[in-house]
Amino acid sequence: MNPASLALLAFAMSTDAFAASIGKGAALTRTRLPAALRIGLIFGVVETITPVIGWAIGLAASRFVSEWDHWIAFFLLAGLGAHMMWEGFKPADDSAKRDEPRKSSFWMLVATAFATSIDAMAIGVTLAFAKVNIVVAALSIGVATTVMVTAGIMLGRAIGALIGKRAEMLGGLVLIAIGAAILYEHLFVQVG
């Protein structure tokens with residue numbers, strides 16, 4: 001995977017957390033940078049750890065499926081991308097925003113971060129099949145998530161849930177494109 005694909009993957013993985021952070025930012029009474037950065041760091045750390053877990057699972061299984069790894073990577077990425085796009089088309093649920101407490105507890109933020117990082121764990125499995133440097137990939141995903149969540153919190157009041165849903169759809173398209181690129185590279189580029 002080249003650096004551009006890795007950067008796109010990192011930002012695609014952070015779009016669901018970005019969408020969640022926009023809703024969170026809209027619910028906060030005052031949006032201050034230190035609070036936004038704290039939330040961004042929590043999400044970033046979780047999003048750094050989960051692909052490593054997925055990668056370890058994928059690495060253990062890769063010797064059994066090495067002939068089909070490019071197809072597995074394609075279908076995982078395309079499936080995750082399609083799911084993100086599907087979620088992006090659903091209307092936003094405002095009831096959760098109204099019931100949310102004004103100040104978020106650390107464990108509630110960790111639980112939310114983990115819920116938005118399940119796809120990063122699945123991507124970690126895919127990265128094991130694509131033979132990507134997991135340290136670089138996980139750190140890229142973590143940094144991108146920290147930046148995107150911090151920005152989402154800060155922008156939440158101004159742009160609301162509409163842009164968050166569009167960001168999720170864009171992230172889904174990027175995942176599908178990366179999956180197609182992996183498949184193309186394996187089927188056509190390596191043959192020559």
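Whole-Hz Karplus values for the range 180-188 come out as 5, 5, 4, 5, 4, 4, 6, 7, 10 Hz, taken residue by residue from phi with 6.51 cos²θ - 1.76 cosθ + 1.60 and θ = phi - 60°; glycine and proline positions read x. Ranked by solvent-accessible area (1.4 Å probe, protein heavy atoms only, all chains present), the residues VAL45, VAL149 order from largest to smallest as VAL45, VAL149. For VAL189, the solvent-accessible surface computed with a 1.4 Å probe is close to 80 Å², ligands and nucleic acids excluded.
For the range 4-47, the gyration tensor built on C-alpha atoms gives a prolate shape. Its axis ratio a/c (a ≥ b ≥ c) is at least 1.5, and a/b is the larger of a/b and b/c.
Phi-derived couplings, Karplus 6.51 cos²θ - 1.76 cosθ + 1.60 at θ = phi - 60°, listed residue by residue for the range 139-150: 5, 4, 5, x, 5, 4, 5, 4, 5, 5, 5, 4 Hz, with x used for Gly and Pro. Before I look further, what does the range 1-50 give for accessible area per residue, probe 1.4 Å, in whole square angstrom? Here the per-residue accessible area is 42 Å².
The values are calculated or read from the model by the stated rules, or taken from the named source; none is laboratory data. Bear in mind that the values here come from a model prediction, so they are computed numbers and not experimental data. Protein only, heavy atoms only, side chains kept; ligands, DNA and RNA dropped before computing areas. Shrake-Rupley method; radii C 1.70, N 1.55, O 1.52, S 1.80 Å.
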